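Visitor: Got a structure for you, written out below as structure tokens; questions coming shortly.
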Amino acid sequence: MPEYLHPGVYVEESTVGAKSIEGVSTSTAAFLGESARGPVRPVLITSANEYERWFGGAAGADKYLPDAVRGFFENGGGRLYVCRVASQSATYAQASFGHDFALRAIGPGAWGTRVFAFIQDSSKQTITAGVPAPVGFRLRLAYYNAAPVGDPLAWFNGTAGAPVPEHFEDFDNLVVDETSADWWQKRLANSSLATLLKSASALIGARPDNGFKRLSDGGSDGAPLLDAADFQGNPVAPRDEPQGLAALALESCRDVSLVYAPGAPFSVAQLIVQHCEDLRYRFAIVDAGTSTLPADFDPQVAVANSKYTAFYYPWILVTDPSNSQQRKAVPPGGHVAGVYARTDRERGVHKAPANETVRGAIGLAATVRDVEQISLNAHHINVIREFHGRGIRIWGARTLSSDSVWQYVSVRRLAIYLERSIDEGTQWAVFEPNNEATWARVSNSVRLFLSTCWRTGALPGSKEEHAFFVRCDRTTMTADDILNGRLICEIGIAPTRPAEFVIFRIFQKTAKA
């Protein structure tokens, strides 16, 4: 309570009305897979060019992560976490620059052995007692997709005819002062090739030695084929950092709402679905293998019977920029995730991501006709089809749930949006007095948020009471609930469902004489 101890005017601030609830993001995606290089920690990117800076280009004929990333952004995606997955037995490449410093590749794998580093005095100098001295050091890094033909040092020295790297980085005027904006640890946090390690016994003011080296110590790819444990990504000695799904579960990736692993086997897809079910606010995209689906294929058995995932078939054909724009069959999930993001932005999460054009697709790996889609639709397989004059479109919007309440993608994702928005928007109520005033404020906040959703078409009905209800009073809480600190608010919604079957009944009317 405020204290009034002397005569005078007291100005106080108070909150009037309901606290607003802000809708959360629903289109931030996370892709898991193999890349040519890069870190195993999730990296947030906003363009295909940014992916190439961090992870390189094509990683192999059967590595579809670059194609999925390109398809995501072509179809309207905006924010994407890329999770490079490497073998748990892969090791880092590194090289020593003095007794107390080592330069280590940013991620594990043999690619790090093709990184060359050149450390020299900084370009910027300071004058002390009339004698010029460098303020710090300069680190230059060069990466080659394959073993270079010629001496890479010649490229650093600017010699004509030297082998040109596919990617290079230049960090000049790095200093050892931790309070400076040019402290080497701050600047190198943006490097996509390497990081500098300092021993605990290093003296204050120490810096790495000058020199030119290849990161030749260590740097192995480990097991040739990845398994489900690699995608799960729990830390395994000697590597102590998580990757894959374990890294996505960290707080730094809490805004992810779509998860996908291009071309991954069903054993990995099952882990992704379980990950989404455990975290509740994420949705998994799964696609079929390269071959034509057998007539009795059931994804609810092969993958999961889950309301947190959708299954897409067939693969699509795209142009391959790494192979002279030749046709290439790729999994459709990356493009589908981009359609999800585009639909969310243009129409809202309540709109089914179907009957939408798949940008970047120039053909399909398999043709599906109406008669074939009958059985596919019955098994909750969302088909991608080509229509004359209308292009290639997603022609299905079902989850893999056998529960009819959650059979549509848009209904499940709308519920995720509402639940998470209300969850995050009512955190202020924790430890508030559990009385009628708090109950009214909670009810008003939720009601105001749902009213906005209703006005945008996410909830049907000509009146608000037809679309939702909110109750938070003594009818939802017993005396025992109140004594034990439980505030219970009951919310009911009527989600908008997609018109999957549009039927026109046409009658012939006979004119009267």
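Visitor: Quote the charge dipole size of region 368-452 about the Cα centre in Debye, to the nearest 20; the model charges only the Cβ of Lys and Arg (+1) and of Asp and Glu (-1). Don't jump to the answer; show the numbers that get you there.
Guide: Values: 10 positive and 9 negative charges, 81 e Å.
In total the dipole reaches around 400 debye.
Visitor: For residue 290 and residue 374, FRET efficiency with R0 = 41 Å and r from the beta-carbon atoms, rounded to 0.05? If you can, show how the numbers build up before the last one.
Guide: Details: r = 23 Å, r/R0 = 0.57.
The calculated FRET efficiency here is 0.95.
Visitor: Now a separate question. Just subtract the alpha-carbon distance of residue 4 and residue 305 from 0.36 nm times their residue separation and send over the number in nm, one decimal. Present the calculation step by step, with values, prior to reporting the outcome.
Guide: On the way: separation 301, 0.36 × 301 = 108.36 nm, distance 6.37 nm.
Gain on extension, residue 4 to residue 305, equals 102.0 nm.
Visitor: Rounded, prolate or oblate for region 324-448? Axes are the square roots of the Cα gyration tensor eigenvalues, ordered a ≥ b ≥ c, and the cut-off for rounded is a/c under 1.5. Let's see the in-between values first.
Guide: Details: a/c = 3.60, a/b = 2.42, b/c = 1.49.
Prolate, because a/c is 1.5 or more and a/b exceeds b/c.
Visitor: With charges only on Cβ, +1 for K and R and -1 for D and E, what is the dipole size of the chain about its Cα centre, in debye, rounded to 20?
Guide: On the way: 50 positive and 54 negative charges, 337 e Å.
The calculation lands at about 1620 debye.
Visitor: Could you list, in their original order, any pairs among 19/351; 307/351; 124/186 whose Cα atoms are separated by more than 24 Å?
Guide: Numbers: 19/351 27 Å; 307/351 17 Å; 124/186 18 Å.
Correct reply: 19/351.
Visitor: Follow-up question, since we're still on this one. Among 218, 128, 118, whose Cα projects farthest towards the positive end of the dipole of region 93-218, with charges put on the beta-carbon of Lys, Arg (+1) and Asp, Glu (-1)?
Guide: Sorting the options by dipole projection puts first 218.
Visitor: Sort region 434-513 into rounded, prolate or oblate with this rule: let a ≥ b ≥ c be the square roots of the eigenvalues of the Cα gyration tensor; rounded if a/c is under 1.5, and if a/c is not under 1.5, prolate when a/b is larger than b/c, oblate otherwise.
Guide: Verdict is prolate for region 434-513.
Visitor: Across all directions of projection, what mean area in square nanometres is found for the Cα convex hull of region 130-286?
Guide: Working: hull surface 57.6 nm².
Convex hull of Cα atoms, orientation-averaged projection: 14.4 nm².
Visitor: Now for a separate question. Quick check on the chain: take the gyration tensor over C-alpha atoms, sort the square-rooted eigenvalues as a ≥ b ≥ c, and tell me if it's rounded (a/c under 1.5), prolate or oblate.
Guide: Details: a/c = 2.41, a/b = 1.31, b/c = 1.84.
It is oblate, given that a/c is not under 1.5 and a/b is not larger than b/c.
Visitor: Could you order the peptides 443-456, 407-420 from most to least packed, using the average number of other C-beta atoms within 10 Å per residue?
Guide: Numbers: 443-456: 18.0, 407-420: 21.6.
By packing density, highest mean first, the sequence is 407-420, 443-456.
Visitor: Net charge within 15 Å of residue 341 by Cβ-Cβ distance, Lys/Arg positive one each and Asp/Glu negative one each, not counting residue 341 itself?
Guide: On the way: positive: 70, 79, 282, 342, 345, 347, 351, 359, 413; negative: 74, 255, 344, 346, 356.
Neighbour charge sum, excluding residue 341 itself: +4.
FYI, it's all coordinate maths here, none of it is from the lab. Source: prediction; values computed, not measured. Neighbour counts run over all protein chains shown; Cβ positions are idealised from the backbone, glycine included.
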